[in-house]
Amino acid sequence: MGRYILRRLLVAIPTLIVISFIIYAVLALSPIDPLSAFGADPRVPPEVRENIRRSLGLDQPWPIRYVKWFTALIQGDLGYSFMSHSPVIGLIVQRLPNTLAVVGVAYVIGVLIALPVGMISAVKRYSLVDQVATTFAFIGFSTPTFFTGLLLIIIFSVNLHWLPFIYNSNLKIEDLGSFLQQVKQSIMPITVLGLFDAAVLTRYVRSEMLEHLPLDYVRTARSKGLRERAVILSHVLRNSLIPVVTLIALGVPAVFAGAIVTEQIFRVPGIGEMLVRAIFDGDIPVVAAVVFLFSVLVVSFNLVADVLYAVLDPRIKYT
Amino acid sequence: MSATATPLIAMAPARRASAGLWSNALYRLRRDRLTLAAATTLTVLVVLSILAPLLAEHVFDRSFEQQDLLKTYHPPTLDPPAYLLGGDELGRSQVVRLLYGGQVSLFVGFVAAFMNLTIGIGLGLISGYFRGPVDDVITWFITTLNSIPIIFLLIIITTLFAPGALTLTIIIGLLFWTGITNFVRGQTFALREREFILAARTIGAASWRIMFRHVLPNILPLIFVLLAIDIGTIILAESALSYLGLGIVPPTPSWGNMLSNASTYFSRAWWLVVSPGATIFLTVLCLYLIGDGLRDALDPRLKGAS
């Protein structure tokens, strides 16, 4: 097992290096100009502009910049933002709690909805519950989150005035009142994302359970006189959860990616919102760092999923 | 292709003698009212979008960029028909813009999906059929591409190259094929070990002939399922990009950028949000339902599982 993980980690290293190179090359070859903020200002003389360019290290060819960036990166230095001149790592640490508070909670809720609903849906196939759940799931993953989000804002913020539609990240939870406020401002983004995640996962859980229900071991369990409850919960569910657990692990990075849009709708100052702004500003160090960290997240969760699979299913041999 | 030669067909009791795969599927599809309704709705949406210029000229009497500053934020009305779905912040006809937006969104979805399909099938067949180092390289490439969150790649590339509809189509077409390749590769792996492939090789058929004439027809049915789902996913991705201001850029209307535009004015004119949003939802829902229905029709063993 240890050897397997080690091998996978070693394979991940060249992959990450290639990814970092692709990201940096795409950014460097782009017509993006980090000085565009000054570009429109005729009061900035050319020599000052050249000095700024040099101070940002932009006078060197990009392969050299890449090597420098990458050497710093493996030492844990993500560089400095062109815009705020503060360390990128600080910006990320500052934004991460907001993203986790919305995206993380939404994903957990999505999983908690999907497991029981998917299970009941499969066991009571074609029942009313199944049909309602299937309908909701289809609606859930066909609706763009930005549309659901806008609809919720129009209904609950604009018309009913129940919920605020701009996320206040300065809110500190000190007492019950501020906690309620936090709940109120998170309800809509969490609902939008959570329902979307739940819709997708419900279908997975359902189809996994459906695949296991007609198998021989289920019939054996029934014929030896186990109650239906025990058959479903400790036989079918256990076995069908194996791929579901790995899917949940694989879905984590995708959830972060999907959060970009949700953060944009509700003005949640999280990582995704920072990325979109950095792209528009031409803030290359921030973009490169965020995208690279996301890739690390994807690669690690792929590994986590594989390891989980092997741990949960003794039939799988890791080689 | 006889029904028993393919692993994708269930051992369902044959209703009629010598029913082929497609006629069997068609028979089942005809009874699947939901899928038929979805297919009809999608066809109507596609036809309406194609007819956009005609409808704009003769029915609504408006071009998609024609402004009327006296009728800004006009609520939906039947008279004049141009404001059937209301007017936007410049008094442009929402319904006409929606039709033209459909041309763009559907074009991106269908064309990019066909690009994905071509790349996906090609690489999947090669990878699964030849195995060995070729397969290793392709698999590694896919793993790497999949490790870069595709939405980021898309966001970065589209920002950098400020694409029109065609460029965006090509970019999406070049990025979203990995799922199809993985599927085709897996199926090819299994199929190449079967007797009819061995038979083909024995009589001296060339590799490309085996891949395209013997392996491909056996996976084609389920590829149509993937195609429907792929188009839906692409339309969602395009609209999300346009919503972020990174996809199709105004003044060219697309469903995504109309929604993005409307999100600025939602407190004044909620109907501007509802029509593009509902259209995206309807289109994607239809595509997913068609994918689901097609799979049930082609492979009844999988019925209800998705």
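Computed quantities for the displayed model
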quantity	calculated
Lone qualifier among B:L99, B:L125, B:L106 - being closer than 30 Å to B:L191 by Cβ and modelled with pLDDT of 80 or more	B:L125
A:F280 vs. criteria at the interface with chain B (Cβ under 10 Å from one of its Cβ atoms) and farther than 20 Å from A:Y204 by Cβ	yes
Checking A:V268 against (1) away from chain B (no Cβ under 11 Å); (2) over 26 Å from A:R3 (Cα atoms); (3) free of Cβ contacts under 8 Å to residues at least 24 places away in the same chain, the condition it does not meet	(3)
Filter pass, A:K184 being at pLDDT below 85 and either among the basic types (K, R) or at positive phi (or both)	yes
Candidates A:A254, A:A249, filtered to the one that is facing chain B (nearest Cβ under 10 Å), under 16 Å from A:Y107 (Cα atoms), of a type in the set (A, V, I, L, M) and surrounded by fewer than 20 Cβ atoms within 10 Å (Cβ to Cβ)	A:A254
Pairs, first more than 8 Å from chain B (Cβ to nearest Cβ) in region A:135-149, second assigned to a helix (DSSP H, G or I) and of a type in the set (K, R), C-beta under 6 Å, six or more apart	A:A137/A:R203
Restricting region A:182-203 to residues that are farther than 20 Å from A:L150 by Cα and either surrounded by fewer than 19 Cβ atoms within 10 Å (Cβ to Cβ) or hydrophobic (A, V, I, L, M, F, W, C) (or both), the residue that is nearest to the other protein chains (Cβ to nearest Cβ)	A:V200
Residue within region A:212-224 that is touching a helix residue (DSSP H, G or I) at 6+ places or on another chain (Cβ under 9 Å), assigned by TED's automatic domain parsing to the domain that holds A:I113, in a helix (DSSP H, G or I) and touching a residue at least 60 places away in the same chain (Cβ under 8 Å) present	no
Elements of type helices (runs of 4 or more DSSP H) contained in region B:178-280, each with 1 or more residues being within 30 Å of A:F147 (Cβ to Cβ) and away from chain A (no Cβ under 14 Å)	B:178-191, B:216-243
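The values are calculated or read from the model by the stated rules, or taken from the named source; none is laboratory data. If you're wondering where the values come from, they're calculated on a predicted model, not measured in any experiment. All Cβ positions, even for glycine, are placed from backbone atoms using ideal geometry, and neighbour counts span all protein chains on display.
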